[in-house]
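The values are calculated or read from the model by the stated rules, or taken from the named source; none is laboratory data. Being a predicted model, the structure only gives us computed values, none of them experimental. Note: areas computed on protein heavy atoms with side chains; ligands, DNA, RNA excluded. Shrake-Rupley method; radii C 1.70, N 1.55, O 1.52, S 1.80 Å.
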Amino acid sequence: MFQKLYRWTLTLAESRHAPLALGIIAFAESSFFPVPPDVILVPMSIARPAKAWTYALICTLGSVLGALLGYAIGALLFETVGKWLIHLYGYGARVDEMRELYAKWGWAVILVKGFTPIPFKLVTITSGLLAYSLPLFVLLSLMTRGARFFALALLLKYYGEPIKDLLDRFFAWFLLILVIIVILGFWIATHLV
């Protein structure tokens, strides 16, 4: 079953619509969607290693545009959509705590959380809610999301074939690890950060 899913993912990654899907997923993940774009970025970069940089750029730009939507949700729609999303991800009781943290270390919060598996949408919505400097927010988002996606692209571009061989044999484990990372990111965001 997992091998069929893996083959389907690689086929999808090679499709002409894959870059658009990648951009949409990166956009959505930064504002409301729980699944990271790595799910499609990895197979796309393995299928076409020469385009790994292009895919990282698509992810970065899509993620930053989605971050702007998340920022707008926090700034303009917090009482409706923003509050619901923050509570959905378990951050509702921590808004005042985040306000204090942002006052001192907002730039560090954006840089660190944008690079980790902690859901970036929490950062984007909180940044808008707390009226963090929009130009600085965009710059920091570009830096942290770009660093994350280009680091992954670098790894996949130069080690894509061995990684592909591993995925051919252990795709089920890859999916399990990815699910654990996403769950761990949400857990860290709600309990430790």
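Okay, here's what the table says:
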| quantity | calculated |
| --- | --- |
| Dimensionless Rg over Rh [the chain; C-alpha; Kirkwood] | 1.00 |
| Highest-MSF residue in the chain out of 132, 159, 71 [GNM, Cα springs under 10 Å] | 159 |
| Cα gyration tensor shape of the range 20-123, rounded if a/c is under 1.5, else prolate or oblate by comparing a/b with b/c | prolate |
| Helix-only mean residue ellipticity at 222 nm for the chain, each DSSP H run of n ≥ 4 adding -39500 (n - 2.57), per residue, nearest 500 | -27500 deg cm²/dmol |
| Nearest-ten-degree value, helix 2-14 long axis tilted from longest Cα axis of the chain | 80 |
| Under 24 Å from residue 121, Cα to Cα: lysines that are on another chain or at least 8 residues apart | 83, 104, 113 |
| Rounded to 10°, Cα long-axis angle of helix 52-76 versus longest principal axis of the chain | 20 |
| Fluctuation leader among 181, 40, 58 - the chain, Gaussian network, Cα springs under 10 angstrom | 181 |
| Prolate/oblate/rounded label for the range 49-104 (Cα gyration tensor, a/c 1.5) | prolate |
| Accessible area of the chain belonging to carbon and sulfur atoms, whole % at 1.4 Å probe | 75 |
| Principal-axis tilt of helix 38-47 within the chain, Cα atoms, nearest 10 degrees | 30 |
| Surface accessible to a 1.4 Å probe, per residue, for the residues of the range 37-188, Å² | 49 |
| Listed residues 122, 41, 20, most fluctuating in the chain (Gaussian network, C-alpha, under 10 Å) | 20 |
